[in-house]
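All remarks here apply to the structure that follows.
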Amino acid sequence: MKSFSAKSDLQTYLNPLRKKKKKIGFVPTMGALHKGHLSLVKRALYKSDVCVVSIYVNPTQFNDAKDLEGYPRTVESDIQMLRHLSEDIIVYLPTNEDIYGDAVQLNDFNFMGLDKIMEGANRPGHFKGVANVVERLFDAVQPKFAFFGEKDFQQLRIIQYLNKKHRWRTTIVPCPTSREHNGLALSSRNQKLSEASREKCGLIYETLKQVKLKFSTNTMENLKLYVEKKISMHRDFIELEYFEIADEITLTPAQKNQKKLKYRAFIAVRVEGVRLIDNIQLN
């Protein structure tokens, strides 16, 4: 397994492979790897000739300094997990200086409204930070394919939009959300939960599945009321931050069910101070 911390060294290694028409697959991560990340890496190994995985906790996408400080950092065990999967994986471990230079200066992006609701509304500046780091990582790796999980569906849609608008020349490959035995979406943040709360958090996905079942026979307003009531019944351990049903393409909040459109339900909650998100396709 090879690892690089400098963009120049990574490109020196990748350029000859690219000239040989090798297809480079890329999985950007912030580390604290779990089975969800590994499922993306497996997909990249299968679809690509060369697999690059980055591990970098991007400071510019955090609007809460405490959240950034407390984000799990487990680089050594992450590398061991990747090595166990395949010795052929290339690991990119950039520093802040390698990504942003001596002084962090962020580019502005027009997200065409994709950032105005849900995560964008609750985490100001988050997607600006995401867009900047993805643009820089794509420039470093220059991948043919880039793999992103559907758990962060709003992020996925924004990256798909920017990739097309800015002609990053990368094929974005969406990958299904990986889940624990109780349905809880796998996330690095799950490590911060107690075992008892982690088990109870099966409620999140169970609620989304019920919304899916009720979708064709209920109004959007009734579905929102259902979720608010369902979560409030368990307020001793969980707090609802938002629930939204939106057009899957534009992420516009839905007022009524239009048969020609595809919809997805989105939820964000807090458990033991840990913020968790999930979503489900409704039709």
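The values are calculated or read from the model by the stated rules, or taken from the named source; none is laboratory data. Every value quoted in this text rests on a predicted model; they were computed, and no experiment measured them. Quick reminder, even Gly has a Cβ in these numbers, built from the backbone with ideal geometry, and neighbours come from all protein chains shown.
Overview of values
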| item | result |
| --- | --- |
| Condition met for L240 (surrounded by 20 or more Cβ atoms within 10 Å (Cβ to Cβ) and touching a Ser or Thr at 6+ places or on another chain (Cβ under 9 Å)) | no |
| Helices (runs of 4 or more DSSP H) contained in the range 1-105 and holding at least 3 residues without any contact (Cβ under 8 Å) to a residue 40 or more places away in the chain | 7-19, 65-70, 75-85 |
| Subset of the range 178-196 [under 15 Å from the mean Cα position of the chain (by Cα) and of a type in the set (D, E, K, R)] | R179, R189 |
| Residue under evaluation R169, criteria (1) surrounded by 18 or more Cβ atoms within 10 Å (Cβ to Cβ); (2) under 20 Å from Y92 (Cβ atoms); (3) at pLDDT below 95, criterion not met | (1) |
